[in-house]
């Protein structure tokens, strides 16, 4: 037969104090009440918990084994309470972050470094993923927070604007285009273009941009992400259009970044499961990221307040 929490509490008190009297004082109940509960507990478990020898109580071997398990349980409860306090004070915890490759290349690592300075005890998990796996991680509650510049739509995900950027052109150091302050697609036409597979989200964005400008889109190399494009441009393989989140603060001796006329605006968004409010740790990270973006000159959305994001459903 099972025993309840009150019976466990009484048994533990008797074991801890060594007597019925001590247990009654510890629990602020009468000695007869302790005796009755202890007797009922023994009836429930089907064996004696104590032996009385010369007026003193001694635990039976079965009672000692039961007490050992009860102590393990109490230590677990105590650890839960300690962890709850630590989480309330943002002193410890685990934060799982996923992002699209572009914003995960420079921006998120910088934010993580700043966040760790304020929260050295927090364990972080960070991965940059493609559109489909990023959404899947969030929907399966395998990530607390997603940051992406790709549009995400799902009834079980909340999307909150974070910052705005644009497509920019990147070229190798000392490239002829580096002499121009602002580029047009026509300026870029003579040079080998590193672009994106047409079926990818970035491929669609670039294709629409060229269609709107009535310019032919001729790709010398096709890649899957802006991260791949940056590596190829750095190696001298051509020029590319990437989101400026990917290359803000990139060393100028490696890449030259130039704005492009009539480039589409890109929206960086926070994404999290609709029915999982952001934890305090996640809210703190969002604030660090937002302040970092502001310092780097990005236009951040006024509606992104971490506390509001936590309850915006």
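Starting from segment 63-76, keep only residues that are within 10 Å of residue 12 (Cα to Cα), then list their pairs with residues that are in a helix (DSSP H, G or I) whose Cβ atoms are within a distance under 6 Å, requiring at least 6 positions of separation or different chains.
67/15; 70/8; 70/12
Can you name every residue in segment 188-214 that is assigned to a helix (DSSP H, G or I) and either over 38 Å from the mean Cα position of the chain (by Cα) or not assigned by TED's automatic domain parsing to the domain that holds residue 247 (or both)?
Correct list: 188 only.
Pick from segment 21-62 the residues that are more than 21 Å from residue 73 (Cβ to Cβ) and buried (at least 19 other Cβ atoms within 10 Å of the Cβ): which of them is nearest to the chain's Cα centre (by Cα)?
24
Within the group 85, 75, which residue is at pLDDT below 90 and under 24 Å from residue 25 (Cβ atoms)?
75
Give the residues of segment 1-14 that are within 44 Å of the chain's Cα centre (by Cα) and assigned to a helix (DSSP H, G or I), sorted by residue number.
Across segment 1-14, the qualifying residues are 5, 6, 7, 8, 9, 10, 11, 12, 13.
For segment 153-187, enumerate the residues that are part of a loop (DSSP other than H, G, I, E, B) and at negative phi.
Those that are part of a loop (DSSP other than H, G, I, E, B) and at negative phi: 153, 154, 155, 156, 172, 173, 175, 180, 181, 182, 184.
So which of 33, 113, 48 is modelled with pLDDT of 90 or more and assigned by TED's automatic domain parsing to the domain that holds residue 138?
Just a single option satisfies the conditions, and that option is 113.
Residue under question is residue 60, and the condition is that it be more than 30 Å from residue 268 (Cα to Cα), in contact with a helix residue (DSSP H, G or I) (Cβ under 7 Å, 6 or more places away or on another chain) and not assigned by TED's automatic domain parsing to the domain that holds residue 286; does it hold?
No: the conditions fail for residue 60.
Given the conditions (1) free of Cβ contacts under 8 Å to residues at least 40 places away in the same chain; (2) closer than 19 Å to residue 96 by Cβ, which single one is not true for residue 235?
Evaluating residue 235 over (1) free of Cβ contacts under 8 Å to residues at least 40 places away in the same chain; (2) closer than 19 Å to residue 96 by Cβ leaves (2) as the failure.
The values are calculated or read from the model by the stated rules, or taken from the named source; none is laboratory data. In this text the structure is predicted, and so the values were computed from the model without any measurement. FYI the Cβ positions are ideal-geometry reconstructions off the backbone, even for glycines, and counts take in every protein chain you see.
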